[in-house]
Each structure stands twice: as C-alpha cells, then as structure tokens.
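Q: One structure, pasted below without further comment.
The values are calculated or read from the model by the stated rules, or taken from the named source; none is laboratory data. Nothing here was measured: the structure is a model prediction, and the numbers come from that model. Methodologically, a virtual Cβ is constructed for each residue, glycine included, from the backbone with ideal geometry; neighbour enumeration extends over all protein chains shown. Calculation scope for accessible area: heavy atoms of the full protein, side chains included, ligands and nucleic acids excluded. Shrake-Rupley method; radii C 1.70, N 1.55, O 1.52, S 1.80 Å.
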Amino acid sequence: MRNQPFPIPQPFPIPQPIPVLAALIAACLALPAAAQQTTTGSTPIRVGDQVGRLPPTARPLSYRVHLTPDVAHSTFTGRETIALAVDAPTDVLVLHAHEVTASQVRLDGATAPHAIRIDPKAQTLTLRFGETILPGQHQLELRFTGRINTLPRGLYAMPYQEAGRPKTMLATELEPADARRIFPLWDEPAHRAAFTLSVDIPKGQMAVSNMPVRRSTPAAGGRTTVEFQASPRMPSYLLELAIGELESIGQRVAGVDVRVVTTRGKKHRGRYALDAVARILPFYNEYFGTPYPLPKLDLIARPGGFGGAMENWGAITFYEPRLLYDAATSSQAEKEDIFTIIAHELAHQWFGNLVTMKWWDDLWLNEGFASWMEVKAADRLHPEWRPWLAERGGKDRTMADDARTTTHPIQVPVVNATDAEAAFDNITYGKGMSFVRMMEGYLGPDAFRAGIRLYMKRHAYGNTDTTDLWAALEAASKQPVRRIASAWTTRPGFPLVGVGLTCAGDDRRLILSQKRFMADGADVAAEPWPVPVVYAVGDEARQHLFEAARDELAVARCDAPIVVNRGDSGFYRVQYVPALMARLRESFGRLPEADRVALLADSWALAQARRVEAAAYLGLADAIGADADPAAWGQVLAALDKVLDYQRGEPGLKGYEAAIRRRLAPLAERLGWAPRRLELNAATKLRPDVLAMLARARDQKVIAETRRRWNAFRRKPASLPADLREVVLGTIGRYGTRADFDALVVLARAAEDVEARSDFYFAAAETESPTLAKLALALTLQRGLDPTLAIAIVRRVGYQHPGLAREFLQRNATVLLDGRPPQDRAEAITGAYRGFYDAAAADELEAYAKEHVPQEAWSEVRKAAMRIRLDAAMKAHLVPAFDEWARNP
C-alpha cells in the first residue's frame, strides 16, 4: 500500500463565502459561539479493545462468495461457501466477522450450530456445534448481511459528480483486517485461500475484481450477476471488488491484459499509466526472475476514499490523482509521483502478494521493499528524474522520526489488527526502504538480485518472515546478512558516525566513531551498529563494515577532501571534525551532487540537535550559488521554510523574510516563470518551490505576478501551466480577499476532478486571515464533502491558525470523527496540532487525547506530542541564529 494523507499540496489561497453557504458559515464563523457547543464531545471510546488471532484448529482452503449491494440503503446481503480443513477434533469454529450478521449456517450441508455468537470486541463469529468435527476437509455454508461504509473500510461508497449529476462508486479496502466487514472468514495474512467472487450489479454498471470475468448473466430486478474466475491462493486483505458506471482503456503487456479503469469520461487520462506499466512490468518480470502470474492486471481509479493506493492482486486501486494524468493540469512532480506509485504497487504483486508476510510484525517486508523498488524502477527507467536525489527529502523526514524516543524498530511487534494499523508509518516504509538500499549497496546489485530471485522461488504462493529473506540473501551473496540485518531491523534508531583524521608523516589514519543520533542531541547508550560505510578520499572510494564504537583506517593521503557515506546510500548521519568540514566547504561545488545534498542534510540535522552551531549549516548553505543543483537548493528551501514557520509571531519575522528574498532573488531570476529549453526536470520542479517560498516571504513582485496569473486563469483556465498551479492558487489563498475565497469555493464545488476539487479547497484553507480561516473550517461541515478531505482542510488551516483548527475540531468532534477507527481518529486529532511549536500545546494534546483517543492508537499521540516539544526546543535556539544570519547578509 502506498498510503498517504489526502493529497496535501503546497500552501494555497482562500476566497470568500458564497451565498449558498451563508447559513452554514454564520453558524460556524465565531468558533466559541454557543451554537457550536451542541456538537462538543464525541461518542465514548472503548479503551483496550483487543482484536486477537484465531485459534489454529481450522484453516480455509477456498471461498465462494456472492454479494448483492443495496446502495440506496447502504447495506448488502450475501452468501458464502467455505472449503476448510480441520486440523484437530473440535466442536467450535471461530471466524473473523465485524459489523456483519450470519444466519442459515450449515456444516457439510446438514449440521447447524447450537449457538452463533458475534463478539464485536474481538471481531469474531463463534459457531458452537453439538458434536465433534473430525479432522479433514469440510464445507461451511452461511448467509450474511452487512453495511456499506462511508469511510474506506470493508465495502464503502464514494460519491462523486458526472456532468453535475451525483453518482456513487463502490469499492473495497481490506488491509489490514477489514475483509471481515464483508463476510465471515479467516482474516489473517497467513491464511491464504482461493476466492471465487460473484456480485449482482445494476444494469449499465461494471464490476471489477482480482480475476477476469468468467460470465455475466441476467438477474432479478434488472440486475446482472457477474461471476469472476477463481483467484490463486492469497491472503484475504488482497481481495478487491469495485462497482460503478465505469469505463476502461487497455493494452496487452508481456502477455498480460492490462487496463486502467475509471469513472465515465476519464479513461483518456489513463494512457500515461498504461505506458508506465508497459515499461515497469517487463523490468519486474526480469528482475524477480518470475513472471507476473495473473492473466490480467487492472489499475482502478477511485474518486474518493484515502489518498494513496492499494496493491490488491490483479486489481490495484488508486486515488484518482495518484493514477490519472493530464498534461494540461498535471505538474511534472505529479507525473513522476504517478509513475513511482504505480511502480510501488506493481512491486507488491511479487513482494507481498506472491510472497506474503506471515503476520503484520513483518509488514516492512511488503512496504519497505516496495518503497525501495519504486525508486529503483524510476532510476532504471527514468534516470533523468534523478529519483534518489528527489527521495532525499523523504529520507530526512524518516531520519527525523527515527531520531526521537517515540520511534520503533523496522520490525515492530504487532499483537492484533489495531496494532497493525499503527505499523503503516514512516519507519516501516521509509527506513525499510533505506535499509534495503544500504544492503543492496553492501552486497552488490547482482548478488542482491540473485537473493531476491531465490526468495521468490522458494516461497511463491506462501508466507514468510524476515529470516527467510536473510537466508536467501545470505545464500546468494555468501555475506553475513543475518548479523548485519538483525541489528538494523530489530533495534530503533541509527548511528551518528564521527569522522576525524590524523596525519603524522607516513602514518595517515581516518578515525571513525559511532553513537546513536538523537534529535534532541542527547547521548544515549547503544550497542554499535554494523554500518556498511562507503568513504572516499579524493576520487578513490572504498567500502568498510564498521562494527565497533571506534575504528581506524589507513588512507593514502591527507590533502584531499574526505567524504563518508559517498553516494548517500547509508542510513546514518555524519559529523566531521571542524578541519575536515572546512575542507569540504571549500570544495563543496566540486563534490558529486548526492554528496552535496547529504552534507547539507547532515549539517542541518546536527544544527537542529545542537551538535553544531546553526552558523555552520548556514555557512554551508551560503556556499551554494544560484547555478547550483536543484536537489541542494531543495534541502536549503526546506530548512528556510521550517524556520519561517518558527518565526510566526516573532519580532524577527520581517527581517528574516527580507533575508529570504535577498537570498532567493538570484535563483528566481535564473529560473524565471517558464521552463527553459532542455531544462532538467529537477529545475522544473524547483521553480514553483522557489516562487512559493518567495511568496511566503512577501516578495511583492512574485505576489503581483501570481495575482496577474490568477486573474488570467479566471478568464481562461488553460492559461495557467500545471507546474505553477500550486504556487498561484496558494499565494492567492494566503493573501486573497473574500472575493477570492468565494471564487475558490465555487471552483471547488463545481470541480468534477477530485484533484482539482482538493486543490481549490486547500487553497481556501491557506489564508492568513482569521476571518476567512473560520469560513474555511465551516466548509468541512457541508453535506457530501468527503470526510477525509474535511479533516485535511482542518489540518491545512491549522498550519496558519493552530488555535482555530484545534478549537474547531474539538467542538465538532462528533461530526468529524465519529465512526472513524482508532488510528484515523488519532491522526485527525493530532493533525489539528501541527501548527503548534510550544511545549504547552503538547501537554494540552495529551490531556485531550486521554478522553478522545483509544489507548491502542496512543502511539500517534505520543509521536505528535514529542514532535511539538522538539519543535519548541529547536525554535528556541534556531530563531536567534537565523535572526543573526538575516542581519548580516
């Protein structure tokens, strides 16, 4: 799964209330108003609900399931036949079931249970029979009913518009444990089984599932019964069913029928995705040494739900903007993002689907590997994008998370399904990806690929744990993979590698040391990591497995720059002694691009942790010229942007904004507002970031040009280039009038394209005006707004007006949060605190969460509170240093 919050672009503008929203806005304009008190408080939370694993008495072999959805009443009915194997004598069968009811249960066509018990807390269906069920194969038949959800859990509905008319698409979202919301089953990844699915759909609609359609036949009430071929043995979370007024565009790729499936009128935007699959699928067939095993592959665009994608075998689902591309409205960054998300989900067809982890504590086997493979595929097929450099910002965010006390190992213990929800985080994805890259670099790409092929061959259609992967890599490479990997996957955190040099005549030694790196600069005792260090003295690069707290390496010379972590493939920070750092600063422009970016990133992290003065980082940043590579500028922009957030309300804000304008003006002049001939893709992506930063720093030339382009866009939408869409809308939203706010809301409500709709709403939430911010918050209560988008709007307002966002969410918790699962609820509440940078807010968040967040989702609260406290500490020491920098240009 490539799971990310509802698409949250860069800052955007905000217009004024439109007449049809007047009543709604009036009710919510004054946040403390008594009228809002009526929505205060949320439904009680059961603390400590544990959703356990099933007893090993029986296991499924195959399912035959028939569904009849009733969209008008948000319900469905169904029947199923389960072929199962009983492994020990028993008189009880326990299946998973949640928010479904079972009836007419029969075992082997005759025996009915004496008792049927649904346990909502454990999410189980217990069938107690009056006689012993002997070991062997049996058949269980039952009927069931359930409900169609509005959130992406089980079978859920997504409202959208087509030519101004309301429509609904149905789809399933089952990872990690929501197949039980559709029918009773063994809902654990180790219980692989074949699924034969059939469904009754309205006339004129299409149904898509994991396998091709076997046949379609007329059914009662003008419906059509669609039956699909039996799937391979697979875990239940990969089952998919999508229903709606759909259309498709397709082609045959490497012997596989590939389609992009969309709601009507959008299939033409699937051509880019088809072309991407045509390149990626053959590459994966060759890399894994095992061809894609299913006869077809559908990529299904969803108009709502969640903002990512899900790797259902043969029927991958995507949030529309993550799949559909339009050259007129999609930016270069979005084009690259679509490609890498497709690459991620296709990688899962092998790593996760063909071979599946036994249990969720090895989730990283799925997500870390697929995250690595998405960048590797882009690097292989689109080297001009420089994807590893583009990924550097994500790596830094992962390292920031892993440097806090709230981190966890890559292999995180998972007791139940609720724990599994929390495991889908930056450590599982980002650190898992970085560790895989580091191991490939250590073993070499050929040996690493041989190990992956062996792993696939040994475990196809089976379940594994992490040790199975190490065994295959060790067998292929003859290297101590288990010893190295264990330290990195079972322990939290990562090392800070210190670098020194001694030179006395012919005795020239590189001195390495290591300790755990902590975001707050604390010294924490930790066993040394086995670190595959790549270091370079001048142009000569070598590899060394650094396993001790301290090590000395002989070097040939002392007069050349020394770079540790050459190529930036290692997951560790590097701190040089001042003399070596000075030499690197002098030769900064001659270093390879990846090394420049890594040096900047490490220096910034060290400054944040108070291991070096902020002036050391700023001196390095000042060594970048206007013609420097975009990746290095991207790192500096991120640091400047963070401190600009810290400066909100501080006396040095105006001086700091002026310093940003002076610093970025030459770069903006070089980039201009339009692409140059033969321009690098990285420069195309950097341009809007530079312009957006200048707009945030109140550069009047940039603000005036965005106003001119906004006015032109209002007259002729095609006049606004896709790559400038975010900066123009964002700037208008930030500084716009009520009339601008009005216009953005009108555009959002009229937009049939879900990406455009979210762009306009996010722009409306970007305002600096408290009055308009309240109007933006009020929009989240309008009928028919996607609930995930509503939470994203609250979070967006919170960046500029954290107090308003917090109060609004708490006063409207019943409307905004009821029905959400624990992890989603925690993320929504903590998201409203994203704009706070004082420790008191962390205390307040924890106090509120004690009453409103279930205990099983408290890891999200702890992480958010820790982030706020660290931000408060960083603000205290970084703002004065950046003020000094601003005074001395």
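Yes or no, residue by residue, for (1) of a type in the set (A, V, I, L, M); (2) in contact (Cβ under 8 Å) with a residue 12 or more places away in the chain; (3) closer than 18 Å to residue 172 by Cβ:
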residue	(1), (2), (3)
223	no, yes, no
226	yes, yes, yes
231	no, yes, yes
235	no, yes, yes
240	no, yes, yes
246	yes, yes, yes
249	yes, yes, no
254	yes, yes, no
262	no, yes, yes
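Q: Taking segment 391-407 as the search range and keeping residues that are assigned to a loop (DSSP other than H, G, I, E, B) and not hydroxyl-bearing (Ser, Thr, Tyr), which one is farthest from residue 276 (Cα to Cα)?
A: Looking only at segment 391-407, we keep the residues that are assigned to a loop (DSSP other than H, G, I, E, B), and these are 391, 403-407.
Now narrow it down to the ones that are not hydroxyl-bearing (Ser, Thr, Tyr): 391, 403-404.
Numbers: 391: 19, 403: 36, 404: 38 Å.
That would be 404.
Q: Is there a residue in segment 372-390 that is assigned to a loop (DSSP other than H, G, I, E, B), more than 22 Å from residue 193 (Cβ to Cβ) and modelled with pLDDT under 95?
A: Yes, that holds for at least one residue.
Q: Considering only residues of segment 807-838 that are outside any helix (DSSP H, G or I) and among the aromatic types (Phe, Trp, Tyr), which is least open to solvent (accessible area, probe 1.4 Å)?
A: The first filter runs over segment 807-838 and keeps only residues outside any helix (DSSP H, G or I), leaving 812, 818-821, 832-838.
The next check asks that each one be among the aromatic types (Phe, Trp, Tyr); those that pass are 833, 836-837.
Values: 833: 2, 836: 24, 837: 29 Å².
Among those that are outside any helix (DSSP H, G or I) and among the aromatic types (Phe, Trp, Tyr), it is 833.
Q: Okay, moving on. Mind listing just one residue for me: the one in segment 135-156 that is within 21 Å of residue 417 (Cα to Cα) and not hydrophobic (A, V, I, L, M, F, W, C) and, of those, surrounded by the most Cβ atoms within 10 Å (Cβ to Cβ)? Show your work before the answer.
A: Narrowing segment 135-156 to residues within 21 Å of residue 417 (Cα to Cα): 146-156.
Now narrow it down to the ones that are not hydrophobic (A, V, I, L, M, F, W, C): 146-147, 149-150, 152-154, 156.
Details: 146: 23, 147: 16, 149: 17, 150: 15, 152: 25, 153: 21, 154: 22, 156: 22.
Checked segment 135-156; the qualifying residue surrounded by the most Cβ atoms within 10 Å (Cβ to Cβ) is 152.
Q: Determine if segment 538-555 includes at least one residue that is touching a residue at least 60 places away in the same chain (Cβ under 8 Å), assigned to a strand (DSSP E or B) and open to solvent by 60 Å² or more (accessible area, probe 1.4 Å). Give the derivation first.
A: Keep residues of segment 538-555 that are touching a residue at least 60 places away in the same chain (Cβ under 8 Å), which gives 543, 545.
Checking the rest, the ones that are also assigned to a strand (DSSP E or B) come to 543, 545.
Subset that is open to solvent by 60 Å² or more (accessible area, probe 1.4 Å): 543.
Checked against the condition, which is being touching a residue at least 60 places away in the same chain (Cβ under 8 Å), assigned to a strand (DSSP E or B) and open to solvent by 60 Å² or more (accessible area, probe 1.4 Å), segment 538-555 yields at least one hit.
Every residue, every condition in (1) surrounded by fewer than 18 Cβ atoms within 10 Å (Cβ to Cβ); (2) free of Cβ contacts under 8 Å to residues at least 24 places away in the same chain; (3) part of a strand (DSSP E or B), yes or no:
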position	(1), (2), (3)
64	no, no, yes
67	no, no, yes
76	no, no, yes
80	no, no, yes
83	yes, no, yes
103	yes, no, yes
113	no, yes, no
121	yes, no, no
127	no, no, yes
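Q: Return the residues of segment 622-635 that are farther than 16 Å from residue 670 by Cα and either modelled with pLDDT under 90 or open to solvent by less than 10 Å² (accessible area, probe 1.4 Å) (or both); say none if nothing qualifies. I'd like the intermediate steps shown before the answer.
A: Residues of segment 622-635 farther than 16 Å from residue 670 by Cα: 622-623, 635.
Within segment 622-635, 622, 623 meet the criteria.
Q: I'd like the full set of residues that are hydroxyl-bearing (Ser, Thr, Tyr) and closer than 22 Å to residue 102 by Cα, limited to segment 183-224. Steps first, please.
A: First, the residues of segment 183-224 that are hydroxyl-bearing (Ser, Thr, Tyr): 196, 198, 209, 216-217, 224.
Within segment 183-224, 196, 198 qualify.
Q: Further question on the same structure: For segment 486-502: of the residues being in contact (Cβ under 8 Å) with a residue 60 or more places away in the chain and more than 17 Å from residue 580 (Cα to Cα), which is most open to solvent (accessible area, probe 1.4 Å)? If you could, list the steps in order and put the result at the bottom.
A: Initial filter on segment 486-502 (in contact (Cβ under 8 Å) with a residue 60 or more places away in the chain): 488-501.
Then keep just the ones that are more than 17 Å from residue 580 (Cα to Cα); that gives 488-495.
Working: 488: 3, 489: 1, 490: 73, 491: 54, 492: 45, 493: 1, 494: 0, 495: 0 Å².
If we take residues in segment 486-502 being in contact (Cβ under 8 Å) with a residue 60 or more places away in the chain and more than 17 Å from residue 580 (Cα to Cα), then 490 is most open to solvent (accessible area, probe 1.4 Å).
Q: Next question. Of everything in segment 136-157 that's among the hydrophobic types (A, V, I, L, M, F, W, C) and modelled with pLDDT of 95 or more, which residue is farthest from residue 786 (Cα to Cα)?
A: Taking segment 136-157 and keeping what is among the hydrophobic types (A, V, I, L, M, F, W, C), we get 140, 142, 144, 148, 151, 155, 157.
From the residues that got through so far, the ones that are modelled with pLDDT of 95 or more too are 140, 142, 144, 148, 155, 157.
Working: 140: 38, 142: 34, 144: 28, 148: 15, 155: 16, 157: 11 Å.
The selected residue is 140.
Q: If you check every pair at least six apart or on different chains, which have Cβ atoms under 9 Å apart with a residue in segment 390-417 that is under 16 Å from residue 496 (Cα atoms) first and a residue that is among the hydroxyl-bearing types (Ser, Thr, Tyr) second?
A: 395/434; 398/429; 398/434; 399/434; 399/572; 401/407
Q: Considering only residues that are in contact (Cβ under 8 Å) with a residue 40 or more places away in the chain and assigned to a strand (DSSP E or B), which ones fall in segment 85-101?
A: Restricting attention to segment 85-101, the residues satisfying the condition of being in contact (Cβ under 8 Å) with a residue 40 or more places away in the chain are 85-91, 93-101.
Passing the criteria: 85, 86, 90, 91, 93, 94, 95, 96, 100, 101.
Q: Next up: Out of 856, 884, 827, I need the residue that is of a type in the set (Asp, Glu) and closer than 26 Å to residue 784 by Cβ. Which one?
A: Values: 856 fails: closer than 26 Å to residue 784 by Cβ; 884 fails: closer than 26 Å to residue 784 by Cβ.
Result of the check over 856, 884, 827: 827.
Q: So, one more: Is it the case that residue 712 is assigned to a helix (DSSP H, G or I), crowded, with 17+ Cβ neighbours inside 10 Å and of a type in the set (A, V, I, L, M, F, W, C)? Working first, answer last.
A: Working: assigned to a helix (DSSP H, G or I): yes; crowded, with 17+ Cβ neighbours inside 10 Å: no; of a type in the set (A, V, I, L, M, F, W, C): yes.
No: the conditions fail for residue 712.
Q: Scan segment 503-520 for residues that are more than 18 Å from residue 533 (Cβ to Cβ) and free of Cβ contacts under 8 Å to residues at least 24 places away in the same chain and jot them down. Explain how you work it out, then say what you get.
A: Going residue by residue through segment 503-520, those that are more than 18 Å from residue 533 (Cβ to Cβ) are 503-507, 518-520.
Correct list: 504, 505, 506, 507.
Q: Output the residues belonging to segment 840-853 that are part of a helix (DSSP H, G or I) and buried (at least 16 other Cβ atoms within 10 Å of the Cβ).
A: First pass over segment 840-853, keeping only residues part of a helix (DSSP H, G or I): 840-852.
841, 842, 844, 845, 846, 848, 849, 852 - these are the residues of segment 840-853 that are part of a helix (DSSP H, G or I) and buried (at least 16 other Cβ atoms within 10 Å of the Cβ).
Q: Exactly one condition in (1) over 30 Å from residue 789 (Cα atoms); (2) at pLDDT 90 or above is false for residue 100; which is it?
A: Of everything listed in (1) over 30 Å from residue 789 (Cα atoms); (2) at pLDDT 90 or above, residue 100 misses just condition (1).
Q: Within segment 314-362, count every residue that is among the β-branched types (Val, Ile, Thr) and either in a loop (DSSP other than H, G, I, E, B) or open to solvent by 10 Å² or more (accessible area, probe 1.4 Å) (or both).
A: Here is the first cut: in segment 314-362, the residues among the β-branched types (Val, Ile, Thr) are 316-317, 329, 338, 340-342, 355-356.
If we keep only those that are either in a loop (DSSP other than H, G, I, E, B) or open to solvent by 10 Å² or more (accessible area, probe 1.4 Å) (or both) as well, we get 329, 340.
Adding up the residues that qualify gives 2.
Q: Residue pairs, Cβ under 9 Å, 6 or more apart or interchain, first in segment 521-533 and among the small types (Gly, Ala, Ser), second in a loop (DSSP other than H, G, I, E, B). List them.
A: From segment 521-533, the pairs are 521/609; 521/610; 521/611; 522/405; 522/609; 526/491; 526/493.
Q: Still on this model: Just to be sure, is residue 365 outside any loop (DSSP other than H, G, I, E, B), at pLDDT below 95 and open to solvent by 30 Å² or more (accessible area, probe 1.4 Å)? I'd like the intermediate steps shown before the answer.
A: Numbers: outside any loop (DSSP other than H, G, I, E, B): yes; at pLDDT below 95: yes; open to solvent by 30 Å² or more (accessible area, probe 1.4 Å): no.
No: the conditions fail for residue 365.
Q: Turning to a different aspect of this structure: Among the residues of segment 504-537, which ones are open to solvent by 40 Å² or more (accessible area, probe 1.4 Å), part of a strand (DSSP E or B) and touching a Lys or Arg at 6+ places or on another chain (Cβ under 8 Å)?
A: From segment 504-537, those open to solvent by 40 Å² or more (accessible area, probe 1.4 Å) are 504-509, 513, 515, 520, 523-528; that's our starting set.
Checking which are part of a strand (DSSP E or B) leaves us with 504, 507-509, 513, 515.
Hits for segment 504-537 are 508, 513.
Q: Every residue in segment 761-780 that is open to solvent by 10 Å² or more (accessible area, probe 1.4 Å), part of a helix (DSSP H, G or I) and not hydroxyl-bearing (Ser, Thr, Tyr), please.
A: 770, 774
Q: Anything in segment 206-218 that is assigned to a loop (DSSP other than H, G, I, E, B) and surrounded by fewer than 16 Cβ atoms within 10 Å (Cβ to Cβ)? List them, or say none.
A: The first filter runs over segment 206-218 and keeps only residues assigned to a loop (DSSP other than H, G, I, E, B), leaving 210-212.
Once the filter is applied, which keeps residues that are assigned to a loop (DSSP other than H, G, I, E, B) and surrounded by fewer than 16 Cβ atoms within 10 Å (Cβ to Cβ), segment 206-218 yields only 212.
Q: Collect the residues in segment 715-733 that are of a type in the set (A, V, I, L, M) and buried (at least 16 other Cβ atoms within 10 Å of the Cβ), keeping them in residue-number order.
A: Of segment 715-733, the ones of a type in the set (A, V, I, L, M) are 718, 720, 722, 724, 727-729, 732.
Passing the criteria: 720, 722, 724, 727, 728, 729, 732.
Q: Return yes or no: is residue 475 of a type outside the set (Val, Ile, Thr), more than 23 Å from residue 563 (Cβ to Cβ) and modelled with pLDDT of 95 or more? Spell out how you get there, then give the answer.
A: Working: of a type outside the set (Val, Ile, Thr): yes; more than 23 Å from residue 563 (Cβ to Cβ): yes; modelled with pLDDT of 95 or more: yes.
Yes, satisfied.
Q: When the residues of segment 310-358 are filtered to those that are of a type in the set (S, T, N, Q) and at pLDDT 95 or above, which remaining residue is nearest to residue 379 (Cα to Cα)?
A: If we take residues in segment 310-358 being of a type in the set (S, T, N, Q) and at pLDDT 95 or above, then 340 is nearest to residue 379 (Cα to Cα).
Q: Is there a residue being of a type in the set (Gly, Ala, Ser), at pLDDT below 95 and either more than 17 Å from residue 712 (Cβ to Cβ) or within 29 Å of the chain's Cα centre (by Cα) (or both) anywhere in segment 752-760?
A: Yes, because at least one residue in segment 752-760 is of a type in the set (Gly, Ala, Ser), at pLDDT below 95 and either more than 17 Å from residue 712 (Cβ to Cβ) or within 29 Å of the chain's Cα centre (by Cα) (or both).
Q: If I ask for residues that are assigned to a strand (DSSP E or B) and over 22 Å from residue 382 (Cα atoms), which ones from segment 265-308 would you list?
A: Let us first name the residues in segment 265-308 that are assigned to a strand (DSSP E or B), namely 296-302.
296, 297, 298, 300, 301, 302 - these are the residues of segment 265-308 that are assigned to a strand (DSSP E or B) and over 22 Å from residue 382 (Cα atoms).
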